[in-house]
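Take a look at the structure below.
The values are calculated or read from the model by the stated rules, or taken from the named source; none is laboratory data. All values derive from a computational prediction rather than experimental measurement. Ideal geometry is used to build each Cβ from the backbone, glycine not excepted, and the neighbour counts take in all protein chains shown.
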């Protein structure tokens, strides 16, 4: 479980997932990267992180080496209940050294776990756009990795049934082979793509790349925020000219600007893709740099006007305001990002002739003391994307398939499935496992069984007939028996169970 606040929407357990580790410095926001410090200190002698950083006078620095974390790659497949995964907190998934084949493996796991939400954050927005927008290639390559991940677990996978158990389907007009499958959905509906920016200059570089990337949900992380951000006016014409290599005739194509929060493109009077969520926060850590309090207020105001959820994570090490006297904790921050080291008071630095300095006093009090209240309120909104289809009814065929898997799991532990029926399935399973001599504590045993069988606990889905356990569909029909060998099943167009 992670403490990162924006990975904890209601109904989800927040986790970090690092299938690939390693990175390199991309911009000023990387200077005090916690992942880089961890990889170069307490983790540097581990097999996974060894050789990923170089020692410098300023501390460890990522050297551009990356490594596939085979042990962690398939971890989400074992999580039945919804999780919100922050993908690659210890590196950049779209780093230039990461092969497309590794990315295909990561996206395959995400495709196989629609119950989870995945948040991918990158500073390599161009690489992300190029990868995700290669739709035809991605649908084939990721689909192949989905199939191999399934086979890897020793499961039988027949081509004619593959579309019923996996998020892939056979290509029309092609032979019935596992090599002729494509991904059903692209972009993946449970994956959100985001870019990290710390200044207006980097926002200009990365946000339009994000908006032109195929994604179900797009978000912005302005953490650590080291300058003011205006998200309403990005030169779309110059961007398209740079991407296409074609210069538009200004006589017929006026310069167009895109509002990243509303999607409105001036000059075209139409709406395009926009940001769905904005996260902001100050920097933490011993070497943290201060942020101007008004940067966050301005960003919040822009989001409110556009109706975009705004999430203020933290002030970081610095809290707005100062004491009457300057001391070794008092700093001053100008609107343009200039800072005056302690002892300093904002009043000591008046506005210049242009009136844009807008000095503000801040005090270095530590992350915990600074807190996360913006003008006395918690500003931590989540987009609706997190909650779409949350708590949906499990389809009859899906339930039948899952029940068989759990029955098989219990049988492997020596429990006869025929002895487990009725609405108290969890308690029955615990009792039977204890009687079989399974040496678990009651708390651990109940937690494990409940997590596996909870979707069916309050639904009288089982009925014993002649010593065999059957699943009762909502139509009243009995399906089964379940005590035989585990098999896959799927829906056909007539609504029958296969």
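Before moving on, here are some points about what is shown:
- Breaking point among (1) within 29 Å of residue 30 (Cβ to Cβ); (2) over 25 Å from the mean Cα position of the chain (by Cα), for residue 237: (1)
- Residues (under 17 Å from residue 189 (Cα atoms) and part of a helix (DSSP H, G or I)) located in segment 119-134: 128, 129, 131, 132
- Residue match in segment 171-186 (condition: within 27 Å of residue 120 (Cα to Cα), assigned by TED's automatic domain parsing to the domain that holds residue 83, at pLDDT 90 or above and assigned to a loop (DSSP other than H, G, I, E, B)): yes
- Condition check for residue 340: touching a strand residue (DSSP E or B) at 6+ places or on another chain (Cβ under 7 Å), surrounded by fewer than 18 Cβ atoms within 10 Å (Cβ to Cβ), more than 30 Å from residue 79 (Cα to Cα) and modelled with pLDDT of 75 or more: no
- Apart from one condition, residue 40 fits all of (1) crowded, with 20+ Cβ neighbours inside 10 Å; (2) touching a residue at least 60 places away in the same chain (Cβ under 8 Å); the exception is (2).
- Selection status of residue 89, more than 20 Å from the chain's Cα centre (by Cα), in contact (Cβ under 8 Å) with a residue 24 or more places away in the chain and within 19 Å of residue 197 (Cα to Cα): no
- All of 297, 206 fail the test of being within 27 Å of the chain's Cα centre (by Cα) and surrounded by fewer than 17 Cβ atoms within 10 Å (Cβ to Cβ), apart from 297.
- Here residue 240 fulfils each of the conditions (1) under 22 Å from residue 362 (Cα atoms); (2) out of contact with any helix residue (DSSP H, G or I) (no Cβ under 8 Å at 6 or more places or on another chain) apart from (1).
- Hits in segment 51-64 - residues which are outside any strand (DSSP E or B) and either modelled with pLDDT of 95 or more or buried (at least 17 other Cβ atoms within 10 Å of the Cβ) (or both): 52
- Top-ranked residue of segment 303-333 - restricted to ones that are touching a strand residue (DSSP E or B) at 6+ places or on another chain (Cβ under 8 Å) and in a helix (DSSP H, G or I), ranked as farthest from residue 226 (Cα to Cα): 304
- For segment 73-88, the count of residues that are modelled with pLDDT under 95, farther than 25 Å from residue 218 by Cα and either assigned by TED's automatic domain parsing to the domain that holds residue 121 or not in a strand (DSSP E or B) (or both) is at least one.
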